[in-house]
Amino acid sequence: MFANWGMRVGAYLIDALVTAPFYVIAGVLTGDDGTPGPISFVFYLLGLAVHVYNRWIQAGKTGRSWGKQALGISLVAEATGQPIGAGKAFLRDLAHIVDGIICYIGYLFPIWDAKRQTLADKIMSTVVVKG
């Protein structure tokens, strides 16, 4: 069974909340002139590292980012039902640009699509499933 739109949004928000503290701390530590200092830069890099691990490496290897794991859903290849790997997980995130280009309508496709896919999912031949 395919994951519904609410579950997908919830998983994304959890993933965003995991990295947010690093970016908030980095922003707070940025100088008044807007230039990040060395410590601020380290927090930006930590946030990026957590994002890369969670969204691409972990989700690519297991089908589950931390958000997806918390909500019991998985990202898999449409044809095989297996996790897609880190490279394809990265490319899928890039493909989400298409979802946003058309006034973010692509992100709403799972509401009415039979397989509950975004345009990025259609491009990458992936689905998000329960379990």
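Points worth noting:
- The phi-based Karplus calculation (6.51 cos²θ - 1.76 cosθ + 1.60; θ = phi - 60°) puts the 3J(HN,Hα) values of region 2-12 at 7, 6, 7, 4, x, 5, 5, 5, x, 5, 5 Hz, whole numbers, x for Gly and Pro.
- Given charges at Cβ of Lys, Arg, Asp, Glu: region 55-131 dipole, positive-most of Leu75, Gly106, Gln58: Gln58
- Here the peptides 61-73, 93-105, 29-41 are ranked by packing, the mean other Cβ count within 10 Å, and the order with the highest first is 61-73, 93-105, 29-41.
- Relative contact order (%) - the chain, alpha-carbon pairs under 8 angstrom, separation at least six: 28
- Stretching Ala114 away from Leu29 to a fully extended chain increases their span by 26.0 nm, per 0.36 nm per residue minus the current alpha-carbon distance.
- All-pairs Cα distance distribution in the chain, expressed in whole percent, bin size 5 Å: 2, 11, 18, 22, 18, 11, 8, 6, 3, 1, 0
- Neighbours of Gly72, meaning other residues whose beta-carbon lies under 11 angstrom from its beta-carbon, give a summed charge of +3 when Lys and Arg score +1 and Asp and Glu score -1.
- Here the accessible area is traced with a 1.4 Å probe on the protein chains. For region 1-63, carbon and sulfur cover 76 percent of it.
- Summed over the residues of the chain and divided among them, the accessible surface reaches 56 Å² per residue at a probe radius of 1.4 Å.
- Across region 98-104, coupling constants 3J(HN,Hα) worked out from phi with the 6.51/-1.76/1.60 Karplus curve, θ = phi - 60°, read 4, 4, x, 4, 8, 6, 6 Hz, and Gly and Pro carry x.
The values are calculated or read from the model by the stated rules, or taken from the named source; none is laboratory data. Quantities reported herein were computed from a predicted structural model and do not represent experimental measurements. Please note: Cβ atoms are built from the backbone with ideal geometry, for glycine as well, and neighbour counts cover all protein chains shown. The accessibility values were calculated without ligands, DNA or RNA, using every heavy atom of the protein model including side chains. Shrake-Rupley method; radii C 1.70, N 1.55, O 1.52, S 1.80 Å.
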